[in-house]
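Engineer: Got a structure for you, questions after.
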Amino acid sequence: MTLLITVFAAVISTVIWYIGAPDSKMQVGALCWMYWGASLMWFVDAVFAYMKTGAQYFTPSPEEMLQEIYLGLSVVALGLIIWLIILLVKDPKGVIRAALFRKK
């Protein structure tokens with residue numbers, strides 16, 4: 001479930017990045033890289049879990065599914081927080097810079 005959630009987040013952020021690709025002012029590319037990296041990590045984890053447990057991997061208990069949903073949503077939220085920090089530091093539209101150096 002974690003893999004599925006991060007792949008959906010990666011696909012959605014990639015589509016958003018591709019729509020505004022020439023401008024790239026909002027640093028959506030960084031968000032894409034984070035989500036695709038997380039998806040790759042969870043894919044490798046799923047492969048190794050399948051090799052360890054076999055077909056039992058595909059029949060998780062409801063508690064395990066709930067934990068994986070929370071973990072997947074946490075990964076997506078953490079990616080958004082990191083992207084927001086990158087966006088605030090780079091300040092592509094100059095909003096923070098203008099607010100800090102505004103003369104009163």
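The values are calculated or read from the model by the stated rules, or taken from the named source; none is laboratory data. This structure is a prediction, so every number in the text was calculated from the model and none was measured. So basically every Cβ, Gly included, is an ideal-geometry build from the backbone, and we count neighbours across all protein chains shown. Side chains are part of the model used for accessible areas, which takes the heavy atoms of the whole protein and leaves out ligands, DNA and RNA. Shrake-Rupley method; radii C 1.70, N 1.55, O 1.52, S 1.80 Å.
Engineer: Does segment 45-104 hold any residues that are among the charged types (D, E, K, R) and on the phi > 0 side of the Ramachandran plot, and which are they?
Structural biologist: 91
Engineer: For segment 92-104, how many residues are surrounded by 10 or more Cβ atoms within 10 Å (Cβ to Cβ) and either within 20 Å of the chain's Cα centre (by Cα) or of a type in the set (A, V, I, L, M, F, W, C) (or both)?
Structural biologist: Count: 3.
Engineer: When you look at residue 88, is it modelled with pLDDT of 95 or more and open to solvent by 70 Å² or more (accessible area, probe 1.4 Å), yes or no?
Structural biologist: No.
Engineer: Still on this model: Identify the residue in segment 1-15 that is open to solvent by 60 Å² or more (accessible area, probe 1.4 Å) and not in a loop (DSSP other than H, G, I, E, B) and, among all such residues, is nearest to residue 70 (Cα to Cα). Break it down into steps so the answer makes sense when it comes.
Structural biologist: Just the residues of segment 1-15 that are open to solvent by 60 Å² or more (accessible area, probe 1.4 Å), to begin with: 1, 4, 8, 11-12, 15.
Filter once more, keeping what is not in a loop (DSSP other than H, G, I, E, B): 4, 8, 11-12, 15.
Details: 4: 12, 8: 15, 11: 19, 12: 19, 15: 24 Å.
Selected residue: 4.
Engineer: Restricting segment 18-53 to residues that are closer than 30 Å to residue 93 by Cα and aliphatic (A, V, I, L, M), which is most open to solvent (accessible area, probe 1.4 Å)?
Structural biologist: Result: 19.
Engineer: Pairs only if they're at least six apart or on different chains, beta carbon under 9 angstrom, first in segment 49-64 and farther than 15 Å from residue 4 by Cα, second modelled with pLDDT of 90 or more and surrounded by 10 or more Cβ atoms within 10 Å (Cβ to Cβ); list them, first residue then second.
Structural biologist: none
Engineer: Kindly check whether there is at least one residue in segment 87-104 that is assigned to a loop (DSSP other than H, G, I, E, B) and in contact with a helix residue (DSSP H, G or I) (Cβ under 6 Å, 6 or more places away or on another chain).
Structural biologist: Yes - at least one qualifying residue is present in segment 87-104.
Engineer: Can you name the number of the only condition in (1) touching a residue at least 12 places away in the same chain (Cβ under 8 Å); (2) more than 18 Å from residue 2 (Cα to Cα); (3) in a helix (DSSP H, G or I) that residue 18 fails?
Structural biologist: (1)
Conditions tested, residue by residue: (1) within 17 Å of residue 5 (Cβ to Cβ); (2) in contact with a Phe, Trp or Tyr (Cβ under 8 Å, 6 or more places away or on another chain); (3) not aromatic (Phe, Trp, Tyr).
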| site | (1), (2), (3) |
| --- | --- |
| 30 | no, yes, yes |
| 38 | yes, no, yes |
| 79 | yes, yes, yes |
| 82 | yes, no, yes |
| 98 | no, no, yes |
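Engineer: Which one of the conditions (1) under 23 Å from residue 92 (Cα atoms); (2) open to solvent by less than 80 Å² (accessible area, probe 1.4 Å) does residue 75 fail to meet, given that it meets all the rest?
Structural biologist: All conditions pass for residue 75, except number (1).
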